[in-house]
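The values are calculated or read from the model by the stated rules, or taken from the named source; none is laboratory data. For clarity, every value in this text was computed on a predicted model and none was experimentally measured. Note that we place each Cβ from the backbone using ideal geometry, even for glycine, and neighbour counts take in every protein chain shown. Surface accessibility is based on the protein's heavy atoms, side chains included, excluding ligands, DNA and RNA. Shrake-Rupley method; radii C 1.70, N 1.55, O 1.52, S 1.80 Å.
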Amino acid sequence: MEASLVLLCLCVFLASGGEGRSPAGTVLPLQVRVQEVELEAPAANRLRFRHNVSLTVPVAVGTPPQNVTMVLDTGSELSWLLCNGSYAPPLTPAFNASGSSSYGAVPCPSTACEWRGRDLPVPPFCDTPPSNACRVSLSYADASSADGVLATDTFLLTGGAPPVAVGAYFGCITSYSSTTATNSNGTGTDVSEAATGLLGMNRGTLSFVTQTGTRRFAYCIAPGEGPGVLLLGDDGGVAPPLNYTPLIEISQPLPYFDRVAYSVQLEGIRVGCALLPIPKSVLTPDHTGAGQTMVDSGTQFTFLLADAYAALKAEFTSQARLLLAPLGEPGFVFQGAFDACFRGPEARVAAASGLLPEVGLVLRGAEVAVSGEKLLYMVPGERRGEGDAEAVWCLTFGNSDMAGMSAYVIGHHHQQNVWVEYDLQNGRVGFAPARCDLATQRLGAGA
């Protein structure tokens with residue numbers, strides 16, 4: 001297809017002033033893991049294969065140290081590991097708690113059990129007698145769940161010089177289940193064969209960030225399965241100049257507002273240079289807390305509430321009409337939340353991707369810009385046309401309402417080649433375009 005009009009626009013960003021940086025903190029390699037899983041019985045317009053995509057980091061736990069891989073999740077609080085004897089997916093590695101001399105189960109009743117888990121959606125609770133175990137029960141937006149006991153052990157962070165050993169609470173999981181065998185809508189966190197558990201990085205009392213006293217951390221996600229980097233502490237001057245947006249705080253408890261998430265204010269959405277006509281009230285949390293915007297490394301794609309999604313879908317489809325052919329199947333919905341879909345040969349769509357209009361998530365003081373290949377996702381297992389010559393592609397923004405969510409979520413797919421800094425000391429999140437492969441090399445954190 002040919003474009004008869006190329007729209008050029010100049011976007012101006014606010015750059016933050018240079019700050020003094022202390023020597024670099026602990027550096028860990030960050031990896032994008034893709035696992036293809038076959039589902040048992042696909043329904044109409046459902047996919048036989050879905051990709052489970054997550055960010056993972058290597059950690060050593062216990063005494064002597066056991067090497068484990070954990071999903072990095074800024075949308076979750078309590079870290080957890082699948083423990084030996086757990087009911088878990090086949091081939092999933094487990095942490096051998098009995099083989100660690102520093103492992104300890106938290107007794108019940110105890111202050112740690114009754115007080116430290118106050119920020120969890122379901123606080124820890126005492127097991128039925130005669131057991132004195134402090135039990136934890138976790139659930140995620142993809143309908144997966146994990147159950148086990150609250151425990152402590154030593155986490156060894158090997159990216160520093162010398163390595164840092166910290167004691168931390170975590171969930172020793174004895175039962176894990178998922179209704180779909182993988183993420184059904186790209187939200188929540190599923191454990192793949194490559195991961196033993198999850199590293200909870202939100203602002204809750206039991207998160208790894210809070211327990212270790214980490215006041216600043218950052219990551220840079222390389223495209224595809226290339227090596228990225230997770231940095232705990234100061235960056236030593238490696239980070240590019242960042243644009244910061246303040247974290248949103250709401251003091252009173254609201255039923256649909258996650259107070260320990262990294263919540264920012266979405267000011268608008270643009271497609272190319274066209275700012276979508278979305279009322280501010282649609283982008284602001286309402287009296288129930290619904291409508292907050294979260295930055296979440298544990299969610300793959302980005303999700304928008306229905307009104308904002310409809311506006312984006314209409315404008316993007318209009319601007320891309322000379323570049324992309326609509327799928328033309330109104331009943332087709334990818335992963336239950338993505339229905340802005342197109343069809344075309346891979347080579348043609350790849351050539352068109354560089355001409356597609358950029359989508360900008362305009363935040364207060366910053367912007368997350370999505371362009372090129374990050375705008376489209378090729379649906380695995382779906383072919384169209386004579387001889388299956390055409391693939392199916394969907395816009396990588398989903399409908400929150402269709403996914404059963406009441407929030408805007410900025411997922412990690414749209415954070416690729418972006419340096420993202422979580423500055424808890426100053427209550428803000430920073431963004432800047434970056435070559436994450438080069439940043440990883442500079443920090444010596446190859447996967």
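Before moving on, here are some points about what is shown:
- The selection criterion, being surrounded by 22 or more Cβ atoms within 10 Å (Cβ to Cβ) and out of contact with any helix residue (DSSP H, G or I) (no Cβ under 7 Å at 6 or more places or on another chain), does not hold for F301.
- Options T210, T179, T189, T174; residue that is at pLDDT below 80 and either closer than 21 Å to L443 by Cα or over 18 Å from the mean Cα position of the chain (by Cα) (or both): T179
- Residue ranges of helices (runs of 4 or more DSSP H) in region 249-362 with at least 2 members assigned by the TED database to the domain that holds E386 and within 21 Å of the chain's Cα centre (by Cα): 306-319
- Remark: pairs (first residue in region 64-84, under 18 Å from R203 (Cβ atoms); second residue among the aromatic types (F, W, Y); Cβ separation under 6 Å; 6+ apart in sequence or on different chains) = T74/Y262; S79/F170; S79/F208; W80/F170.
- Options G117, G104, G148: the member that is under 20 Å from P253 (Cα atoms) and open to solvent by less than 50 Å² (accessible area, probe 1.4 Å): G117
- Residue count, region 216-229 (criterion: open to solvent by 30 Å² or more (accessible area, probe 1.4 Å) and touching a Gly at 6+ places or on another chain (Cβ under 9 Å)): 2
- Residue count for region 217-247 under the criterion of being more than 30 Å from Y377 (Cα to Cα) and at pLDDT below 95: the result is 7.
- Any hit, region 308-322, residues being touching a Lys or Arg at 6+ places or on another chain (Cβ under 9 Å) and surrounded by 22 or more Cβ atoms within 10 Å (Cβ to Cβ): no
- Condition met for G381 (surrounded by fewer than 18 Cβ atoms within 10 Å (Cβ to Cβ), assigned by the TED database to the domain that holds G344 and out of contact with any strand residue (DSSP E or B) (no Cβ under 8 Å at 6 or more places or on another chain)): no
- One residue alone among T74, T63 is modelled with pLDDT of 90 or more, β-branched (V, I, T) and open to solvent by 30 Å² or more (accessible area, probe 1.4 Å), and that residue is T63.
Residue-wise test of (1) open to solvent by 20 Å² or more (accessible area, probe 1.4 Å); (2) not aromatic (F, W, Y).
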residue: N202; (1), (2): no, yes
residue: L206; (1), (2): no, yes
residue: L231; (1), (2): no, yes
residue: Y244; (1), (2): yes, no
residue: S251; (1), (2): yes, yes
residue: E267; (1), (2): yes, yes
